[in-house]
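Student: Pasting a structure below so you can have a look.
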Amino acid sequence: MLDLQRLRALHAVSVHGTVGAAAAALGFTPSAVSQQIAKLERETRTVLLEREGRGVRLTDDAWHLVDTARELLALVERAETRLEERRGVPSGRLTIAAFASAARGLLPSVLADLAVRHPALDARLTEVDPHLSVDLVAKGAVDLVVAHDWDIAPLPAPAGVEQAPIGEDLCDLLVPEGHRLAGRTAVKRAELGGERWICQPPGRVCHDWLLRTLRGAGHEPDIVHQADENPTLVALVAAGLGIALIPRLGRGPLPAGVVEVPLDPMPVRRLYALWRTGAARRPAIAETVRTLRARWPDASAHGTPAPGTAAVAVAVDSA
């Protein structure tokens, strides 16, 4: 008999790429995950992981077993969903992945709200880049994802994944005090040529948006400083080292020396909740989506519910 938890450990390694990342996602230690896979190797009399440099790689036999594990885990998810649906209350473990500013600015109040109102629900958060999180929910590595897209780069939802809008996050141009654009009531994108920019590294959604937007306005951006976290970007602006485009969610109060200037038109990124179609009827999913939307106006200083939110609420409630 194959042990489901050991199959789950192997599946997690296949999704996250390393034993350490799989362990973090499952809430175990790396040694515990390694032990689970070692026992699975003994049970199947098959080599599943091979050393590759400082990491590991799955063997061909392991990938065949991962396909089976994915099917079994989907069956377990459907059974758990039916049981939770019959009870009619959110319960069990719910794993959530969210990008950094949502994990900082939105999820704490959502998780605290759920913990008070639904003590039988064990909601757990992992911070994940948005370009990775959608694939994680599609593969069954997490139950629910909070991701975002930009007005010029819509978020694709793969087959078998449903989504609902949470809200629209407005973005402002941040410039040092005394900058030529400080004090303006609005700035056109065509006026941004020749500036020194501070932004996130290549491969991040915000970086790609900045490149596409400025090039569309006829400017090649001069990116002089790069950092992952928005507070670091704001600190660099405060030091007078350049200008940055920063979303409002999770940004917090601006420090002295930083001036907020609206762009015209104002950039918008849209937040979504995504989950697998097979879990759509799970009360925990529906209740978490409702709580995300309910908490959104408070989480974003100027946040408003996204267009169509009310219609989605009916769909989620009836699921």
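Student: Can you tell me which of 199-210, 135-146, 177-188 comes out highest on packing, and rank the rest after it, using the mean Cβ neighbours within 10 Å?
Tutor: Those peptides, ordered most packed to least, come out 135-146, 199-210, 177-188.
Student: I need the shape label for segment 28-107. Rule: rounded when a/c is under 1.5, else prolate if a/b > b/c, else oblate, with a, b, c from the alpha carbon gyration tensor.
Tutor: Oblate, because a/c is 1.5 or more while a/b does not exceed b/c.
Student: Amide H to amide H under 5 Å from residue 167: which residues, 5+ apart in sequence or cross-chain, H placed 1.01 Å off N in plane?
Tutor: It is 271, 306, by chain and number.
Student: What is the distance in Å between the Cα centres of segment 1-76 and segment 114-172?
Tutor: The distance from the Cα centre of segment 1-76 to that of segment 114-172 comes to 25 Å.
Student: Could I ask something else about it? State the percentage of accessible surface on segment 183-258 attributable to carbon and sulfur atoms; use a 1.4 Å probe and exclude ligands, DNA and RNA.
Tutor: 53 percent
Student: Karplus couplings for segment 106-120 from phi (6.51 cos²θ - 1.76 cosθ + 1.60, θ = phi - 60°), rounded to Hz, Gly and Pro as x?
Tutor: Values, residue by residue: 10, 5, x, 5, 5, 5, 5, 4, 5, 5, 6, 7, 9, x, 7 Hz.
Student: Let me ask something else about it. Given H placed 1.01 Å from N in the peptide plane, which residues other than close sequence neighbours of residue 94 have an amide H under 5 Å from its amide H?
Tutor: 122, 123, 124
Student: Using packing as a proxy for protection, rank 283-292, 19-28 so that the peptide with the highest average count of other Cβ atoms within 10 Å comes first.
Tutor: 283-292, 19-28
Student: Return the sequence-ordered ³J(HN,Hα) values of segment 177-191 in whole Hz as given by the Karplus equation 6.51 cos²θ - 1.76 cosθ + 1.60 applied to θ = phi - 60°, using x for Gly and Pro.
Tutor: Working through the residues one at a time gives 4, x, 5, 4, 9, 5, x, 6, 7, 6, 10, 7, 5, 5, 8 Hz.
Student: Residue-wise, which Karplus ³J(HN,Hα) couplings in Hz belong to segment 165-171, taking 6.51 cos²θ - 1.76 cosθ + 1.60, θ = phi - 60°, and x for glycine or proline?
Tutor: Once rounded to whole Hz, the list reads x, 9, x, 10, 9, 7, 10.
Student: For the chain, what is the accessible area per residue in Å² when the probe is 1.4 Å?
Tutor: Accessible area per residue, the chain: 47 Å².
The values are calculated or read from the model by the stated rules, or taken from the named source; none is laboratory data. Here the structure is a predicted model, which means the values were calculated and not measured. Here the Cβ is made from the backbone with ideal geometry for all residues, glycine too, and neighbour counts use every protein chain on show. The protein model used for the area step is the full one, side chains on, heavy atoms only, and it has no ligands, DNA or RNA in it. Shrake-Rupley method; radii C 1.70, N 1.55, O 1.52, S 1.80 Å.
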